[in-house]
Every structure is written in structure tokens, then in C-alpha cells.
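Report on the structure given below.
Every read-out reported here was derived from the displayed coordinates using simple, explicitly stated rules and does not represent laboratory data. Computed from a predicted structure; not experimentally measured.
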Amino acid sequence: MFLNFRKADSRWMRDRVYQALADRFGEGEFFKSGESIPAGADFAEILRRQAAECELMLVLIGTSWLDACGDDGARLLDRTHDWVRVEIATALKAGNRVVPVLLGDGTMLPEASALPLEIAELGRLQFLRVPETHLAEELDRLCTAVGTLLPDIGCGSAVGTAAAAESAVTMTAHVSGGGSAYQAARDQTIRLA
């Protein structure tokens, strides 16, 4: 799964979506540019390859996504080298499933006519919404929808990070006759020496 987003757009909401997906499926199950590209790597080549090879791209769209402008006042999406645009175009061209995710109650899906031609299809795709009201429930609903679209996610089908690649054991110990019991939560690991 590939998370496509504009850094300056709806950051608080984007961070909550990222955390909910990581908590449910594990960080190694999705590609997020700031988290998944190692220092010194050719980010342009990696971004294009990951966008072309992903099974699912979630395009996180907040209220300023469509009209975000650069320092020169030009709309970012109108630049052929805008990474949000390049990633979406690459995934669409590869025939990958692309799902717009509208962040917040008031965010609307951009109309195809408002988008550059190479990503105009995005404006015709069925979207998911994560409204601010009842956020925890809505994030759970998003994760459930992603799990439906990618039934094998979280089952080791994706290449994980180095930490995820290590053998991890999650366990519950029940101690009779006194002592302590420890239970690892979903995001904790007990390493046996």
C-alpha cells in the first residue's frame, strides 16, 4: 500500500490516518515517502517504482490539496514534476487501484476537469472519507475498508522494514501460584534472549 499526500495539507489528520494504518497492519505494510526511503537513496527512482508496483494507493486529500501553491503562486498540481501528481499518474498508468481518501468533513473530491489530464481519472474514482466527527470510529472504518481491498495485508505479504523483518514474538504468560503476567499489546514486542 502506498500513501500519497501533500505535506502541507491536513497534517494532523494525515498523521492520524498513518498511525491508524500502522497500528492495524504494521508499518512494514505500506510505503510512506518520509518513512520508507533510506538516507542517501535515489528517492525519485524509489517513489516511481513503489507507485508503479503498489497494489493500492491511498491519495490523502485535505481541504488545501487541490489549490496548494508554491512560492511563485503557481498551483503545485499544474507542475509536471509535482511528486503528488507524478505518484498518482504512475499508479494509474500501471493499472493499480487508486482510492481517494477525503480528510475532514468539508473536503470534496476534486472534479476531473480541475485536475491535470494525466490524473483526471482520480476525480471519477469512488472515495473513502475520514470525517473529524467520531474520528476513532471513522479511522477504524477506513482500516476495515483497506483490509477488504487488500485481504492479505498484515499477513507478511509485503516487504517490511528492518525492524519488522526481525523475528518478533508476541505472547501472553499466565503464571499460577504467584508471580507476574505480561501481555504484549499489538504494537509491543517481547524478545526472547
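When only alpha-carbon atoms are used, what values of Rg and Dmax, in angstrom, describe segment 1-101?
13.3, 40
In angstroms, what radius of gyration and Dmax does segment 31-71 have, counting Cα atoms only?
So, for segment 31-71, Rg and Dmax equal 12.7, 34 Å respectively.
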